[in-house]
6 protein chains.
Amino acid sequence: MPNITVELLSGRTPDQRREFVAAVTEAAVDILKARRESVRIVYWEIEKSDVANGGIMESDK
Amino acid sequence: MPNITVELLSGRTPDQRREFVAAVTEAAVDILKARRESVRIVYWEIEKSDVANGGIMESDK
Amino acid sequence: MPNITVELLSGRTPDQRREFVAAVTEAAVDILKARRESVRIVYWEIEKSDVANGGIMESDK
Amino acid sequence: MPNITVELLSGRTPDQRREFVAAVTEAAVDILKARRESVRIVYWEIEKSDVANGGIMESDK
Amino acid sequence: MPNITVELLSGRTPDQRREFVAAVTEAAVDILKARRESVRIVYWEIEKSDVANGGIMESDK
Amino acid sequence: MPNITVELLSGRTPDQRREFVAAVTEAAVDILKARRESVRIVYWEIEKSDVANGGIMESDK
């Protein structure tokens, strides 16, 4: 713990994803006092054709 | 808000998906008094080989 | 199916919640051609002290 | 109910997945006194490139 | 991994919950060849007033 | 987007929670190039009596 889920649009590079989990884990250790090895982060990539905001699919905008 | 997640079997057409998010957003605005632009809907498509009901995979039925 | 999750801020009345699930279920039957009895909807109520947008807790705004 | 979600790394065979949902459903019926037909289980397969533990992507280990 | 989420109606005893996670973990180790210590299970208890099936809140049935 | 869910054990102070969402949002803006106002973070607090690791409820350890 914490167990963190990150829903994001596809298109981020592997390096951005690496850097982001490192930064979030660092913050969890520093601020939430989590043990580093129990910080778990999962990415769920979403396509624009799977999300709507305001009633309109993102892929239609 | 609301933030709505719709798990559904694959096979719906893009038009069905468009119409459904429009209808749900309309209902959120009318009934829940949500601000239209903050209604967020995400589809998670599932295959029959990823769901079991009653202990049997849907793809085996 | 579909299996629908609705994260929303607390404060809706039981009647609003009833009406909303009825409307969403109707839309799932009409538009997605779901069988009415397999439309499942779950509400997850959230407090403003559990959500942040733009880096600031909603309860601090 | 129960509605069970199983996040797991890809690589399990269809037979392992079949056997596992059968066993979990059995346990839900026996122990939780669930009705067999209302035990629902969904698999979400994850790739190693989508999970980090301890701040490092599993695909980098 | 696996990371398992169990949404269930409230009302199960602590002993039922204990026995169920033990059985599911056993099945994950035996069938999915998971390492016992990495099987994680979380219960999300739901009230009947938070679930609808077929468009009607369970608390209204 | 991203839409981030943080499952964590109860016991963090409001200040820790504030600081953590600020840090995660900062990282999302800097690294993932997210627009600050569309970074959404939700906390789901869990009790030890709702989580098992290795087949044993955390509240029994």
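Of note:
- Lone qualifier among C:T13, C:T5 - being more than 13 Å from chain F (Cβ to nearest Cβ) and of a type outside the set (D, E, K, R): C:T13
- From the options A:K48, A:K61, residue that is within 13 Å of chain B (Cβ to nearest Cβ), free of Cβ contacts under 8 Å to residues at least 60 places away in the same chain and either touching a helix residue (DSSP H, G or I) at 6+ places or on another chain (Cβ under 6 Å) or hydroxyl-bearing (S, T, Y) (or both): A:K48
- Verdict on E:N53 being within 21 Å of D:W44 (Cβ to Cβ) and among the polar types (S, T, N, Q): no
- With respect to being within 17 Å of the chain's Cα centre (by Cα) and closer than 29 Å to A:V6 by Cα, D:E26 falls outside the description.
- Taking the criterion of being at the interface with another protein chain (Cβ under 7 Å from one of its Cβ atoms) and among the hydroxyl-bearing types (S, T, Y), the only residue of segment A:33-45 that qualifies is A:Y43.
- With respect to the stated conditions, C:E26 fails to be at pLDDT 95 or above, within 14 Å of chain F (Cβ to nearest Cβ) and within 23 Å of B:Y43 (Cβ to Cβ).
- Any chance F:E45 is of a type in the set (D, E), under 26 Å from E:N3 (Cα atoms) and in contact with a strand residue (DSSP E or B) (Cβ under 9 Å, 6 or more places away or on another chain): yes
- Segment A:3-45: number of residues that are touching a residue at least 24 places away in the same chain (Cβ under 8 Å) and not aliphatic (A, V, I, L, M): 10
The values are calculated or read from the model by the stated rules, or taken from the named source; none is laboratory data. Fair warning: this is a prediction, and the values are worked out from it, not measured in the lab. Glycine gets a Cβ as well: all are built from the backbone with ideal geometry, and neighbour counts include every protein chain shown.
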